[in-house]
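The values are calculated or read from the model by the stated rules, or taken from the named source; none is laboratory data. Everything quoted here is computed from the prediction, not taken from an experiment. A quick note on method: Cβ atoms are made from the backbone with ideal geometry, for glycine too, and the neighbour counts reach across all protein chains shown.
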């Protein structure tokens, strides 16, 4: 088995795997994220999970195999903003017969890249039934998605039964945790969840319908832009549409785990000419990533999700709400500016995953002016938290590091 790469006549230089017991384990998995039918493209979210609370991810490599008769690698994209891709799209194709090692119909393609932290902080990994999003892996489907009602692409992590990679001398998947004492990252044990594959043959555990056979709107473009940093203008254009009742516009803010419906736009129904639709959404001085998702509602009531876009805006949101000191210990001050009389203010505290752990820190009605409130933190454990401020219709979030001795 370990002669996988030597049959290719290519030398891969890797640090030899050494058997070591680690006290922490980080697991990785793929989750189907959606298909772009017009581009013949499918994407998968790559997610991670810790086996215990408080694990902070430092850096991680991604080594995987795909079947070239099913998928063609495009890129890794949309990483969590705390990380950047160190390299871009390192791929290597197997020689004739190489795919038989995995039970593939075609040959394998080996993909490897490495992500590192942008700054001081890394993601605190979810545990239990929850997983933490890292980035997306996107591929072209070799067979046309149009007309396809079921797809079962095998995605294979480079992670053999002994914890090393499949190739001789390969360490396989590797990741480091942030060292609380500073310095080099802490090594961990890695575990993986394969996608439509098991040692050593394809499965059909995670097949999906890409919904390309039933899409009735031929989408030409979908965008969200903002010039004043308070209102998003969402626009989409379709070349044709058939039997569509309306479109749904959904939004997800950086601290939210699910999309929220923000608008419904009535469709013409059936048209063979290009149509442009628009929607507006007040977002206030929202900080962080804002995603919009478009869906079509058919006349029979069925819903098909079409595309996702990120809000394009250039804003300075730091002056709206200031949180200090940061890092904080016993207390944190929140200073905010009210532009209108009788503005309702609600400030909440959430964990880094966007879940409320203290429903409301303060709430009230304020007049025009600059205010400063002190919040007691003694009851909280150390870690990263999100302070969410809702001022009128404006929503702003700030990350605060809490250090408790």
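Is the stretch 35-43 home to any residue that is outside the structural domain of residue 258 (by TED's automatic domain parsing), touching a helix residue (DSSP H, G or I) at 6+ places or on another chain (Cβ under 7 Å), touching a residue at least 40 places away in the same chain (Cβ under 8 Å) and over 14 Å from residue 135 (Cα atoms)? No, that holds for no residue. When you scan the stretch 152-176, how many residues do you find that are closer than 23 Å to residue 186 by Cα and in a strand (DSSP E or B)? Of the residues in the stretch 152-176, 3 are closer than 23 Å to residue 186 by Cα and in a strand (DSSP E or B).
From the set of residues in the stretch 109-129 that are assigned to a loop (DSSP other than H, G, I, E, B) and in contact with a strand residue (DSSP E or B) (Cβ under 7 Å, 6 or more places away or on another chain), which is farthest from residue 257 (Cα to Cα)? For the stretch 109-129, the residue satisfying everything is 118. I'm trying to understand the selection: among the residues of the stretch 273-312, which are assigned to a loop (DSSP other than H, G, I, E, B) and either modelled with pLDDT of 90 or more or under 14 Å from residue 235 (Cβ atoms) (or both)? Hits for the stretch 273-312 are 274, 311. Taking the criterion of being assigned to a strand (DSSP E or B) and surrounded by 17 or more Cβ atoms within 10 Å (Cβ to Cβ), the residues of the stretch 247-272 that qualify are 247, 248, 249, 250, 251, 252, 253, 262. Is it the case that the stretch 162-174 has a residue that's surrounded by fewer than 15 Cβ atoms within 10 Å (Cβ to Cβ) and more than 29 Å from residue 289 (Cα to Cα)? Yes: the stretch 162-174 contains one or more residues that are surrounded by fewer than 15 Cβ atoms within 10 Å (Cβ to Cβ) and more than 29 Å from residue 289 (Cα to Cα). In the set (1) outside any strand (DSSP E or B); (2) at pLDDT below 90, residue 92 fails one condition alone, (1). For residue 14, the criteria (1) modelled with pLDDT of 95 or more; (2) in a loop (DSSP other than H, G, I, E, B) hold in every case but one, which is (1). I need the full set of residues from the stretch 182-213 which are loosely packed, with under 14 Cβ neighbours inside 10 Å, modelled with pLDDT under 80 and within 28 Å of residue 149 (Cβ to Cβ), in order please. Matches in the stretch 182-213: 213 only.
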